Amino acid sequence: MLRKLKIDRFKSTRDVELEFGRVNLFIGGNGVGKSNLLEAIGVVSASLYRGVADSELARKGVRLTPPALMKSAFKKYDLPKTFRIEADLDCDIQYAIELVSGEKNTHLHFFSEKCELAGAKILGRSGRGVNIFGNKVSNRNWAPARSLWDQARVAYDFPDVLQREFDSISRYAIYSPQTEFLREIKSGVADEPPVGLHGEGLSAAVSSLLAQIARERTRPRSANSKSDYDDFSLLGDALSLVGLPNWVNAVRVGEVDPHLKSRELATYDGKIVYFIDRYMHEKRNTLSAYDSSEGTLFLLFMSVLLGHDEAPKIFALDNVDSALNPAVTKLLLEKIILITARRAEKQLKRGADQVFLTSHNPTALDAFDLFDDEQRVFVIFRNKEGHTQAKRLKPNAGWTREQWAEHFSGKKLSQLWIDGEISGALGGI
């Protein structure tokens, strides 16, 4: 898991440091830099995957901003040549990168890179050359847009713990589902399984998820295989999101009566996602993605991310409240918190390790228990100089739940946000 992130000179940030839990929510006004924080993690992830070329950043959901605009440009400072991001991961791993672009090489490339494990130097590069395990390496040409980790991992015997943690963060991506893909009006291919950043390949992903459930339901289990039952239960929890709108009786992938399928649909192998409406006549109770509510499709998308075997264990969702009413937004977040906690507690193979979210819906806050250190809410705002700042919303040291409730007259967090009692949460209003 990503435990700490320090960002310097990246987009709207000048100097920000954040410490994370399992589920992390960013709130604040429009344009204050919430998405920029998600993208900073995306840059680290791309570095550990294949590098910082445009195609790799896009694969992570990072907007393809011209490299010159990725470096902050505040009035009181000279225009920086580089930006720097430092990440602390589990198992006492520190990874830092500094990226540069210029007039001759306008694409992002590495200025420096460093990795340490428990204080021991694992790898590093700078203008002075490349070092691996403390030894200078000069017998190869290192690609400037690819990380040293990506280029050296096959040739060197790096510690297993480093491989595991880097592999996990390297699969991170920022998801932002789009209606035309969820409704299957537009077809597309997912760059990484199980589903695309905008919902590409949803039919195939749902079909695979349903197949996993069918296999788990019929697989023989020994009397002491409680972890298998827990994993299967988590699958059910993930798919239960689709039932939050109470009209849905079931979800399927397959062929439907052509008279009940919109001409606008782009099909996958002739098969589409469809829902069974519990209130409709059995001859007219199948609704394609095109004819279903956008909120229901968003919840189905989340079922895939939280339950599918191939889903990344660390991911971000920009605008978690997209297309959802306030009550369902809260229920979705409660389910995300439950699934991540259950995976951590029972060491399950499914589910997410860590999730990063942005929201403009006050009810999102009501899903969070601020006394649980693994559930963290950050208020994002800009200071007088325009720098993105982050302040964790948490009880004062030593406070009890009773003291918190008394201090705020028993108000829910959502009401505190609406009433302007959470400093910075309403942006410039």
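The values are calculated or read from the model by the stated rules, or taken from the named source; none is laboratory data. On a predicted model such as this, the values are computed, not experimentally measured, just so you know. Glycine gets a Cβ as well: all are built from the backbone with ideal geometry, and neighbour counts include every protein chain shown.
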Residues (out of contact with any strand residue (DSSP E or B) (no Cβ under 8 Å at 6 or more places or on another chain) and modelled with pLDDT of 95 or more) located in the stretch 120-132: A120
I'd like to check something: does the stretch 153-172 contain any residue that is of a type in the set (S, T, N, Q), part of a helix (DSSP H, G or I), surrounded by fewer than 16 Cβ atoms within 10 Å (Cβ to Cβ) and at pLDDT 90 or above? yes
Among the residues of the stretch 53-80, write down those that are under 30 Å from E165 (Cβ atoms) and more than 24 Å from the chain's Cα centre (by Cα). P80
If we take the stretch 312-429, then strands (runs of 3 or more DSSP E) inside it with 1 or more residues that are surrounded by fewer than 15 Cβ atoms within 10 Å (Cβ to Cβ) are 388-393
Positions within the stretch 149-176 being of a type in the set (F, W, Y) and under 12 Å from the mean Cα position of the chain (by Cα), in sequence order: Y172, Y175
Within the bounds of the stretch 7-21, is there any residue that is hydroxyl-bearing (S, T, Y), within 27 Å of S359 (Cα to Cα), touching a residue at least 24 places away in the same chain (Cβ under 8 Å) and in contact with a Ser or Thr (Cβ under 7 Å, 6 or more places away or on another chain)? yes
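Listed here are the residues, each with its yes/no results for (1) in contact (Cβ under 8 Å) with a residue 60 or more places away in the chain; (2) surrounded by fewer than 16 Cβ atoms within 10 Å (Cβ to Cβ); (3) more than 22 Å from D8 (Cα to Cα).
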| position | (1), (2), (3) |
| --- | --- |
| E86 | yes, no, no |
| V100 | no, no, no |
| C115 | no, no, no |
| I122 | no, no, yes |
| R125 | no, no, no |
| G129 | no, yes, yes |
| V137 | no, no, yes |
| A143 | yes, yes, yes |
Against the condition under 19 Å from the mean Cα position of the chain (by Cα) and not charged (D, E, K, R), how does G28 come out, does it pass? yes
Select, from A367, A327, the only residue that is under 20 Å from the mean Cα position of the chain (by Cα) and either farther than 23 Å from G31 by Cβ or not hydrophobic (A, V, I, L, M, F, W, C) (or both). A367
May I ask you to say which residue of G51, G33 is touching a residue at least 40 places away in the same chain (Cβ under 8 Å), out of contact with any Leu (no Cβ under 8 Å at 6 or more places or on another chain) and closer than 15 Å to Y172 by Cα? G51
Pick out the one residue from L48, L38, L57, L25 that is crowded, with 22+ Cβ neighbours inside 10 Å and out of contact with any Asp or Glu (no Cβ under 9 Å at 6 or more places or on another chain). L25
Criterion: among the basic types (K, R), loosely packed, with under 15 Cβ neighbours inside 10 Å and either at pLDDT below 85 or over 30 Å from K60 (Cβ atoms) (or both) - qualifying residue of R278, R252: R278
Does L182 meet the test of being under 23 Å from D90 (Cβ atoms), buried (at least 19 other Cβ atoms within 10 Å of the Cβ) and not hydroxyl-bearing (S, T, Y)? no
Long-range neighbours under 7 Å by Cβ, at least six apart or interchain, first residue within 20 Å of F10 (Cβ to Cβ) and in contact (Cβ under 8 Å) with a residue 12 or more places away in the chain within the stretch 373-389, second part of a loop (DSSP other than H, G, I, E, B) and basic (K, R): E385/K76; H387/R14
Would you pick out the residues in the stretch 6-34 that are in contact with a strand residue (DSSP E or B) (Cβ under 6 Å, 6 or more places away or on another chain) and more than 24 Å from Q375 (Cβ to Cβ)? D8, R9, F10, S12, D15
Please state which one of S55, S47, S101 is of a type in the set (S, T, Y) and in contact with a Phe, Trp or Tyr (Cβ under 9 Å, 6 or more places away or on another chain). S47
So how many residues does the stretch 1-19 have that are within 16 Å of the chain's Cα centre (by Cα) and not in a strand (DSSP E or B)? 1
Helices (runs of 4 or more DSSP H) completely within the stretch 25-116 that count 1 or more residues being touching a Ser or Thr at 6+ places or on another chain (Cβ under 7 Å) and at negative phi: 34-49, 67-70
Residues that are over 18 Å from V251 (Cα atoms), small (G, A, S), in contact with a His (Cβ under 8 Å, 6 or more places away or on another chain) and not in a helix (DSSP H, G or I): does the stretch 188-200 have at least one? yes
Taking the stretch 284-339, which residues are in contact with a strand residue (DSSP E or B) (Cβ under 9 Å, 6 or more places away or on another chain) and on the phi > 0 side of the Ramachandran plot? N319
